[in-house]
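Some notes on the structure that comes next.
The values are calculated or read from the model by the stated rules, or taken from the named source; none is laboratory data. Because the structure is predicted, anything quoted here is derived from the model rather than measured. All Cβ positions, even for glycine, are placed from backbone atoms using ideal geometry, and neighbour counts span all protein chains on display. Ligands, DNA and RNA are stripped out before the accessible areas are found, and what is left, the full protein with its side chains, is counted by its heavy atoms. Shrake-Rupley method; radii C 1.70, N 1.55, O 1.52, S 1.80 Å.
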Number of protein chains: 2
Amino acid sequence: MSVVPSPAPRPQEPVEPQELPQLGGEIDEPCLRADAARNRARLLEAAALLVAERGADGLTMEAVAAAARVGKGTVFRRFGDRTGLLSALLDHSEKKFQAAFLTGPPPMGPGAPPAERLRAFGLALLRRTADELELQLAAEPCADRRFTNPPRRVLIHHVSLLLREAVPEADCELLAHTLMAPLDPALVHHLTQQRGMPMERLEAAWVDLVDRVTGPTASPG
Amino acid sequence: MSVVPSPAPRPQEPVEPQELPQLGGEIDEPCLRADAARNRARLLEAAALLVAERGADGLTMEAVAAAARVGKGTVFRRFGDRTGLLSALLDHSEKKFQAAFLTGPPPMGPGAPPAERLRAFGLALLRRTADELELQLAAEPCADRRFTNPPRRVLIHHVSLLLREAVPEADCELLAHTLMAPLDPALVHHLTQQRGMPMERLEAAWVDLVDRVTGPTASPG
């Protein structure tokens, strides 16, 4: 294996196959200077906090400006309008989540056995879905684009890679689609909001599902 | 067990719990005379055949009338308009499917072990979904009503009853939602139309999933 110079800050970490559809290619400002990128991230963190606290309806350009202690004009210049802000917010959250399972610490990141990574992945995704529920429901693509939109494909791809390590004899692509179902925003909404289930029950069912699917004798990776 | 007089034609068959949301309560003509009911069923069978052959777009009031050899006026009188026809068609198909797993012969109906009934249920639902794909996609409820619409609830309820027999220690309601995922019209559309997978692959993955979830040592019911 040849060693190539890399700008990555943590070259010692295992790198996963990169044929997955990377997010972020559509971002219109790929060359933001470091301080501008930090400011943008700060606005998005403030926006995420607002959504978690007040729901998607509480997310206005004014509220984000106030929470991040910047002028309203800054928020408008950065995101255009509320739709642009919502879309940037989801993209930001996807990237953070993607970084956590691709290059973050175990058990979610590389280094833990695949079944343990799957358990951590689902628990983290359930938490994220619960936090961003309204946002994700509002952004749900229609039926014939639901499985082709890039964020979904990244998650499916990751789950099928882990399954290939844990249960190589299975049809891991199809099994990955099945495993993603209990993490789906529409179902999480139904179970928690319409059926009144606590998140703990969804979390326990996820862990049980991973155990059933990967089996007690699954290889430790 | 007491024996009560029953109008059912097959009193020897096991009866399943009846707390499930029965379809058909909304039908506006519950008291159709036998011949009118037969005519209605004949129109719907013709419509189902048209959809299977030509897709949902090929379903017009005129085409149904021609296929069933009745006047166009009869189709309009019976269903009002094309939307009414589509909705009646899905309802008709749901009821036939429901009858097959509730009171039909094993392995889908009562009498077979629960894991075998699950396998048969999924294979039949996959076939039905493939046959009615466009129709079901067009009728998909939006995210916040997807899991509360009556036909879906009937299916989920049935799957969780079978799971309760096969794996009583599991959270069967949540596991039922997961098992329903690979049978979902939007996913079947994606896998077969967008990814080009043959139905045989989806069928094999379903059987494998039931085996993984119910386990090799599942009780035979």
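Just a yes or no: is a residue in the stretch B:157-165 open to solvent by less than 40 Å² (accessible area, probe 1.4 Å) and within 10 Å of another protein chain (Cβ to nearest Cβ)? Among the residues of the stretch B:157-165, not one is open to solvent by less than 40 Å² (accessible area, probe 1.4 Å) and within 10 Å of another protein chain (Cβ to nearest Cβ), which makes the answer no. For the residues B:205, B:130, the requirement of being within 30 Å of residue B:83 (Cα to Cα) and among the hydrophobic types (A, V, I, L, M, F, W, C) singles out B:130. State whether the residues of the stretch A:128-135 include one that is touching a Lys or Arg at 6+ places or on another chain (Cβ under 9 Å) and within 14 Å of chain B (Cβ to nearest Cβ). Scanning the stretch A:128-135, I find no residue that is touching a Lys or Arg at 6+ places or on another chain (Cβ under 9 Å) and within 14 Å of chain B (Cβ to nearest Cβ), so the answer is no. The test for being at the interface with chain B (Cβ under 7 Å from one of its Cβ atoms) and within 16 Å of the chain's Cα centre (by Cα) holds for residue A:181. Got a number for residues in the stretch B:134-151 being open to solvent by 20 Å² or more (accessible area, probe 1.4 Å) and touching a residue at least 40 places away in the same chain (Cβ under 8 Å)? The qualifying residues number 8. Of all the residues in the stretch B:65-119, those that are closer than 16 Å to residue B:132 by Cα, in contact (Cβ under 8 Å) with a residue 40 or more places away in the chain and within 12 Å of the chain's Cα centre (by Cα) number 8. Looking at the stretch B:139-151 only, could you name the residues that are out of contact with any Gly (no Cβ under 9 Å at 6 or more places or on another chain), farther than 14 Å from residue A:188 by Cα and either part of a helix (DSSP H, G or I) or at the interface with chain A (Cβ under 7 Å from one of its Cβ atoms) (or both)? Result: B:140, B:151.
For the stretch B:198-221, state whether one or more residues are under 21 Å from residue A:209 (Cα atoms), of a type in the set (Lys, Arg) and more than 21 Å from the chain's Cα centre (by Cα). For the stretch B:198-221, residues under 21 Å from residue A:209 (Cα atoms), of a type in the set (Lys, Arg) and more than 21 Å from the chain's Cα centre (by Cα): present.
Of note, residue A:154 does not satisfy the criterion of being in a helix (DSSP H, G or I), more than 10 Å from chain B (Cβ to nearest Cβ), touching a residue at least 40 places away in the same chain (Cβ under 8 Å) and crowded, with 21+ Cβ neighbours inside 10 Å. Residues that are open to solvent by 10 Å² or more (accessible area, probe 1.4 Å) and not in a helix (DSSP H, G or I) were ranked within the stretch B:166-178; the one that is nearest to the other protein chains (Cβ to nearest Cβ) is B:171.
Screening B:213, B:188 for residues that are open to solvent by less than 10 Å² (accessible area, probe 1.4 Å), in a helix (DSSP H, G or I), within 23 Å of residue B:96 (Cβ to Cβ) and at pLDDT 95 or above leaves exactly one candidate, B:188.
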